[in-house]
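Every number here is computed from the coordinates shown, using simple stated rules; none is lab data. All of these numbers come straight from a predicted model, not from anything done at the bench. With ideal geometry, Cβ positions are generated from the backbone for all residues, glycine too; neighbour counts draw on all protein chains shown.
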Amino acid sequence: MQHVSTEKLMQDLRLVVEDAEALLKATAGEADEKIAQARQRAEESLRQARRRLQEMGEDVEAQVRDSARAADEYVHDNPWQSIGVAAGIAFLVGYLIGRR
């Protein structure tokens, strides 16, 4: 469940970044002081969002690497159990496909 919510958060953050970039481009020609201040705050927020998005991507990548390493170690430590589980899954998939 953690992975799904993290992925959803990253997707939502990407959309916010895209929308903010579009808004900044649309108001690029405005010279009003309030708009200039708002643009400046939005640009800083956008930089922070991009940085956080990159950090989150790196965190997810590290978690995937750790999980793969743990799975690899388990398979090397328990080869027969791993073969048994793989065979059981293959049998179940074959059985389900054959029923169609």
*Which one of Thr6, Phe91, Ser45 is farthest out on the positive end of the charge dipole of the chain, using unit charges on Cβ (Lys, Arg +1; Asp, Glu -1) and the Cα centre as origin?*
Phe91
*asked:* Just to be sure I understand the rule: take each whole DSSP H helix in the chain, project its Cα atoms onto its long axis, keep it if the span is 30 Å or more and its mean Kyte-Doolittle hydropathy is at least -0.5. Which ones pass?
replied: 2-26
*asked:* Restricting to DSSP loop positions (anything but H, G, I, E, B) with no more than 12 other Cβ atoms inside 10 Å of their own Cβ, which trypsin sites (Lys or Arg not before Pro) remain in the stretch 1-99?
replied: Arg99
*asked:* Given a Förster distance of 22 Å, report the FRET efficiency between Arg41 and Glu61 from their Cβ-Cβ distance, rounded to the nearest 0.05.
replied: 0.10
*Determine by what factor the alpha-carbon radius of gyration of the chain differs from 2.2 N^0.38 Å, reporting the quotient.*
1.87
*asked:* If each DSSP helix of 4+ residues adds -39,500 (n - 2.57) and the sum is divided by the residues in the chain, what number results at 222 nm, nearest 500 deg cm²/dmol?
replied: -32500 deg cm²/dmol
